[in-house]
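Reviewing the structure listed below.
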Amino acid sequence: MANLNDNIQYLKGVGEKRALLFKKLGTQTIGALLRFYPRSYENWSDITPIAEARGMGNVCIKATVTTPVKENFIRKNMVLYKFTVADNSSSMLVTIFNNKYDAAKIHMGEEFLFFGKLSTDSFYAEMSSPKIKPTKAAGIRPIYPSVSGLSSTAIENQVKIALSSVFLEEFLPQKIIEENGLCSFEFALRNIHFPVSEEALNQARKRLVFEELFLLQTSLLLLKNINRGRTPCILNRDYTDEFIKMLPFSLTNAQRRSIKDCVSDMSANRPMNRLVQGDVGSGKTAVCAAVSYSAAKNGFQVAVMVPTEILAEQHFATFKRFFENTGISCDLLTGRLTKKQKELATQRLLSGETDIVIGTHALLSDNVEFKNLGLVVTDEQHRFGVEQRANLTAKGEHPHVLVMSATPIPRTLALIIYGDLDVSIIDEYPKGRMPIESYSVSSKLRPRVYNYIKKHIAEGRQGYIVCPLVEENDSDLIPAEEYYESLKENEFKGYRLGLIHGKMKAKDKDSVMREFSLGNIDLLIATTVIEVGIDVPNAAILVVENAERFGLSQLHQLRGRIGRGGYKSTCIFISDGGQVAKKRLDIMCSTNDGFKIADEDLKLRGPGDFLGNRQHGLPELHIADFVLDIEVLRSAGVQAKKLLAEDYSLQMPENQAFKKEIKNLLSSMKNN
Ligand code: ADP
Ligand code: MG
């Protein structure tokens, strides 16, 4: 007997060449192959009479051959085979195109199964190029997503061999199986590939969906448990009022509420685990600063981790401004510091000289240590993996955790990624915001768009034009650099243009961004590097080229770069995409609600694309669907919590097999 973790080459029929193809599918082990579920099924048991088959799409017809096979030579090496078949209801013509192998099987008087579509444009019933099988092949057959060189049938055969060479041991705790009325692991795997009936297929699917979501939720809960227990970082005094007095504006009620939630969490001996969700521009930075201030004043160090260098630098500048003359010392730690600078920053953290450090992933580095880390904040944090968050937290002794998200994570995903976090929502914008007007136009209108930008610039405003990243072989796209040069020479000659893209050196990006925020650049040509959090209140117009190339949530984030001052702002999406693109952009133009946009985006693109495969740190789902299986997701979450409440670190003997599966999943998340 083979093992699920064995390499697929262990199986009969898989040589080196085949193994490479399977590798492309991501199925290098027998276990992975068995988890490679069919994309759909063909039901060869559900027989449709010929007389009723027209207009029904793909059907399976069981009929007897009533004429000899006639060969028509169309031209050299091209043969059309024709014959007639009949069932009790009617008869139909079958044509086979150039398939000698299929044609040779056909004999008058014999009965076969024909799977295909009846043509609707001929007067008589006709099926061309159906799949043909002997009647004993009836059943529900799997269809797999194939790669070139590896057909669905080839995968099917290999799965069949795999199923017969392994022992499929149950790993879900017996109690869970009983409470949820699930079928066994073995039954599920056999029937998801080769269902004996529709009912069996439903059973199999139910079990595998539950299992997948249950494993995922339990794993995430275990990761979060790392930061359970008591915390010594208790705030004795709330310094929020003192902070508010120093602010140049008054906080919105929603901001105040969020700050209060956080401070009250941090005043208890259980570590805070809170998510502050607020749409772009809702003022999360001020909330973060207020909470950090109270923590620092109580003698604790604060680490704020953000996803990009530009953002780190901007937050750092904002914090320095807020905390001028307060005795609170802020520091910056990013990958672009020189070795010497990093050493100094690290020393200051270790000695406790630094109260608040703002940084990028560089904060995760092993040699970054704190004297007294009391609060960890991650901003725009859905870009950080679960592990990364846990790593930063581990640098303190049960520090408080504040996660800030620029909303557009659909509720369904938030449930998974944030699971047991407490949530505060900033559902109110700072006063004086003018709503952003959005339009979607075709590239024909580009000259008018340019004039419109010029009008804004004449009024003293600034603007952005965003171009998609340049992918190789995508010649129809406008590379930001070329586009910039051309505008500078032509349409925007005499204007102060800037260019910023991800391939530039951090130092250069920084200086462009600085010039832009100082108002020394009128129009910034950019890629999505400006997507995350950059804040220039005077920017009032944003144009997106090839808008169909972006995800809706990404567009929403981009749009959040404007409308931050008291000016009327305009967002224009330029796109020559088709119907689907048009529909998506229409959604963008009809609402500014980040939640709504995120939900639409998820529906249109699926969760993988939504978060960007590598960004969310979650494993790929094989069968469950975050949208369709939301109810199962909920109940799996509840049961995962219950299981861990009974067996905190899965020590009980009946949970050992399950624990092993969890370990596998966690290690795959690490490699993600
Ligand atoms: P986000 O939630 O997207 O991170 P920011 O924290 O960057 O938003 O805030 C957006 C802008 O609004 C900043 O320029 C900030 O100074 C300003 N701001 C934040 N809170 C208020 C407020 N209560 N009143 C006025 N302006 C505010
Ligand atoms: Mg922000």
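The values are calculated or read from the model by the stated rules, or taken from the named source; none is laboratory data. Because the structure is predicted, anything quoted here is derived from the model rather than measured. Glycine also receives a Cβ, built like all others from the backbone with ideal geometry; neighbour counts cover every protein chain displayed. Just the protein is used for accessible areas: all its heavy atoms, side chains included, with ligands, DNA and RNA removed. Shrake-Rupley method; radii C 1.70, N 1.55, O 1.52, S 1.80 Å.
The table for this structure:
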read-out	value
Pairs where the first residue, in region 275-289, is more than 9 Å from ligand 2 (Cβ to nearest atom) and of a type in the set (D, E, K, R) and the second is open to solvent by less than 10 Å² (accessible area, probe 1.4 Å) and not in a strand (DSSP E or B), C-beta under 6 Å, 6+ apart	ASP279/THR407; ASP279/GLY594
Residue list for region 298-321, filter: away from ligand 2 (no atom under 14 Å from the Cβ) and surrounded by fewer than 20 Cβ atoms within 10 Å (Cβ to Cβ)	ASN298, GLY299, LYS320, ARG321
First in region 244-258 and within 10 Å of ligand 1 (Cβ to nearest atom), second anywhere and acidic (Asp, Glu) and in a loop (DSSP other than H, G, I, E, B), Cβ under 7 Å, 6 or more apart	THR252/GLU428; ASN253/GLU428; ALA254/ASP427; ALA254/GLU428
Within region 267-294, tally of residues that are modelled with pLDDT under 95, away from ligand 1 (no atom under 16 Å from the Cβ) and open to solvent by less than 30 Å² (accessible area, probe 1.4 Å)	2
Test: residue in region 355-376 that is of a type outside the set (Lys, Arg) and in contact with an Asp or Glu (Cβ under 7 Å, 6 or more places away or on another chain)	yes
Positions within region 338-371 being over 13 Å from LEU392 (Cα atoms) and surrounded by fewer than 17 Cβ atoms within 10 Å (Cβ to Cβ), in sequence order	THR338, LYS339, LYS340, GLN341, GLU343, LEU344, GLN347, LEU350, SER351, GLY352, GLU353, LYS371
Qualifying positions in region 112-143 - assigned to a strand (DSSP E or B) and among the charged types (D, E, K, R)	LYS117, GLU126, LYS131, LYS133, ARG141
Output for region 304-329, where each listed residue is more than 16 Å from ligand 1 (Cβ to nearest atom) and hydrophobic (A, V, I, L, M, F, W, C)	ILE328
